[in-house]
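Structure record follows, encoded as structure tokens.
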Amino acid sequence: MEAIIELSEARADQTTPADLLEAARTQLGDDVQLFLGYDFLIAFNCPTCESTDAQNIPLYGVVEKQALCPVCGTIREPQVISSFRGSEEHAHWTLAALGVPPLAILTARKNRRFLGLELTGDVSHVFDFE
Ligand SMILES: [Zn+2]
């Protein structure tokens, strides 16, 4: 990791991957890629009956039997996303909706340069003792 920048305005429940890409571009320039650090399951697609079933949950929370097609019983193919360039539909979802916890540090990359982006805006939100 080259550096970690603290984004005092970034919060898991408000900030999107597109926002983090914009912040990363100020440091790395264009053509930045942002990584979730895990696979996010967008949908299951059945190769047999061609049904599509939207999921929108992190893949690590999915158990094997959920992959079975409710229509025909075939094991369906997971459609996942784990990184963003900014044009993806899910780049405009909040990070929380994508399963990212408060105060997480996400990694952005351009070629061999890496940058950590911390959701520092969650500090006041998470540690609110008043
Ligand atoms: Zn099927």
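Worth pointing out:
- The residue list 16, 37, 54 was ranked by how far each Cα lies along the charge dipole of region 1-127 toward its positive end, using unit charges on Cβ atoms, and 37 comes out on top.
- Its Cα gyration tensor gives region 1-47 an equivalent ellipsoid; the semi-axes, largest first and in whole Å, are 26, 14, 10.
- Most mobile of 62, 80, 100 in a GNM of the chain (Cα contacts under 10 Å): 62
- Spacing of the two label points (7 Å from each Cα toward its C-beta) at residue 105 and residue 79, in nm: 3.4 nm
- Loop chymotrypsin sites (Phe, Trp or Tyr not before Pro), region 69-130, which have at most 12 other Cβ atoms in a 10 Å radius of their Cβ (DSSP): 127, 129
- For the chain, the normalised intensity computed at q = 0.15, 0.17 Å⁻¹ comes to -0.73, -0.86 (log10 of I(q)/I(0), Debye sum over alpha carbons, equal scatterers, no solvent).
- Our helix-only sum for the chain, with -39,500 (n - 2.57) per DSSP H run of n ≥ 4 divided by its residues, gives a mean residue ellipticity at 222 nm of -3500 deg cm²/dmol.
- Exposure proxy ranking, count of Cβ atoms within 10 Å, fewest first, for 87, 82, 51: 87, 82, 51
- R0 of 41 Å, Cβ-Cβ distance residue 45-residue 13: FRET efficiency to nearest 0.05: 0.90
Only the coordinates and a few stated rules stand behind these numbers; no lab work does. All of these numbers come straight from a predicted model, not from anything done at the bench. Using ideal geometry, Cβ is built from the backbone for each residue, glycine included, and neighbour counts are taken over all protein chains shown.
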